1. Report whether or not B:Ala36 is modelled with pLDDT of 95 or more, more than 11 Å from the chain's Cα centre (by Cα) and within 24 Å of A:Glu98 (Cα to Cα).
2. When both residues are 6+ apart or on different chains and their Cβ atoms are under 9 Å apart, which pairs have a first residue that lies in segment B:71-85 and is surrounded by fewer than 18 Cβ atoms within 10 Å (Cβ to Cβ), and a second that is modelled with pLDDT under 85?
3. Given the criterion part of a loop (DSSP other than H, G, I, E, B) and at pLDDT below 95, identify the matching residue among A:Ala46, A:Ala77.
4. Any idea which of (1) within 14 Å of another protein chain (Cβ to nearest Cβ); (2) surrounded by 13 or more Cβ atoms within 10 Å (Cβ to Cβ) is the one B:Ser100 doesn't satisfy?
5. Kindly indicate the residue of segment A:103-161 that is of a type outside the set (D, E, K, R), touching a Cys at 6+ places or on another chain (Cβ under 7 Å) and not in a strand (DSSP E or B) and also farthest from A:Thr51 (Cα to Cα) among those meeting that condition.
6. Return yes or no: is B:Ser93 at pLDDT below 90, in a helix (DSSP H, G or I) and within 14 Å of chain A (Cβ to nearest Cβ)?
Amino acid sequence: MSADSKIALSARSQNWLPILELSVQEVFDIMLDCTVQPAATSERPARGEFTAMVGLAGSLCGILTLGCGSQAATRIATRMLGPEIANSKDQVCDALGELCNMVAGNFKNKLAGLDGQCILSVPTVVSGGEYSFHSLADGESLEAVLLFEGAPLVVRLELHS
Amino acid sequence: MGKLRALIVDDSSVMRKIVERSLRQAGIDLEQVVEASNGAEALGALRDHAVDLVLCDINMPVMGGLEFVRQVSTLELAEGVPIVMITTEGSESHVVEALSHGARGYIRKPFTSDQVKEHVLPLLDKKP
């Protein structure tokens, strides 16, 4: 990658952070009827994490992840489905995956010039107390941390160069 | 408009429940809800069940929503039944493609029950 393209990509990523935050806020507002606010990037989910991920391919290539603690994940599923339905880990994973999918779709739909040139993968959700997540994307990354009912949500976009 | 039978097609069971809830919140009286997790299952469901409305995702494993709509048209299944796409794939080209394959409406996720009402009710009122 040339120095010029690195600068261009970095600038693009910086401009995208508010768009990413807005995409998350809109999905939570519409689908969960709740407000999430940006938080300090030092906030991190508690152990017992969930990470939902959606791949992007085409003119925008990389992965978007949404991470949170298990209590926050359960509360998200409960808000989406109601307490009587969101009673299993499968449904919590399904809810988080769909949420991540909607954030990714909402984000790419807000970017100019991507019309029809970027497709999303089916979501995947990883859960557990002891895992590390490593993306092989070799380009820019940006991270938004937002608070959902006091618990941090970490949304990362990692791009291939 | 009497009680309706709806087919909801999405690989996420969570999303199928949310779509059903949104239909009810939109004031649609559902007599029966048939669920399918991909386009191939949905084709089978249409052979087994008479429905008045289909709501369908686009990105699904096995058979996606656009191929499902195309096959519904080719096989002359569910003639006159409106199909509305509900998907995160909100680009103009996807909308055009879905409508050209026979979909009658298009709702982008995330969506409100008001949006469901706005896009679905007019199609039901026009049903023969």
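The values are calculated or read from the model by the stated rules, or taken from the named source; none is laboratory data. Just so we're clear, the structure is a prediction, and the values are computed from it rather than from any experiment. A quick note on method: Cβ atoms are made from the backbone with ideal geometry, for glycine too, and the neighbour counts reach across all protein chains shown.
1. no
2. From segment B:71-85, the pairs are B:Gly80/B:Lys127; B:Gly80/B:Pro128.
3. After ruling out the rest, the residue left standing is A:Ala46.
4. It is condition (2) that B:Ser100 fails.
5. Within segment A:103-161, the match that is farthest from A:Thr51 (Cα to Cα) is A:His160.
6. So B:Ser93 fits the description; yes.
Table: residues versus (1) over 21 Å from A:Cys100 (Cβ atoms); (2) of a type in the set (A, V, I, L, M, F, W, C).
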residue: B:Ala6; (1), (2): yes, yes
residue: B:Val9; (1), (2): no, yes
residue: B:His49; (1), (2): yes, no
residue: B:Ile58; (1), (2): no, yes
residue: B:Glu67; (1), (2): yes, no
residue: B:Arg70; (1), (2): yes, no
residue: B:Glu76; (1), (2): yes, no
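Table: residues versus (1) within 14 Å of chain A (Cβ to nearest Cβ); (2) part of a helix (DSSP H, G or I); (3) over 22 Å from A:Ile30 (Cβ atoms).
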{"residue": "B:Leu46", "(1), (2), (3)": "no, yes, yes"}
{"residue": "B:Ile58", "(1), (2), (3)": "yes, no, no"}
{"residue": "B:Val62", "(1), (2), (3)": "yes, no, yes"}
{"residue": "B:Gln71", "(1), (2), (3)": "no, yes, yes"}
{"residue": "B:Ala78", "(1), (2), (3)": "no, no, yes"}
{"residue": "B:Val84", "(1), (2), (3)": "no, no, no"}
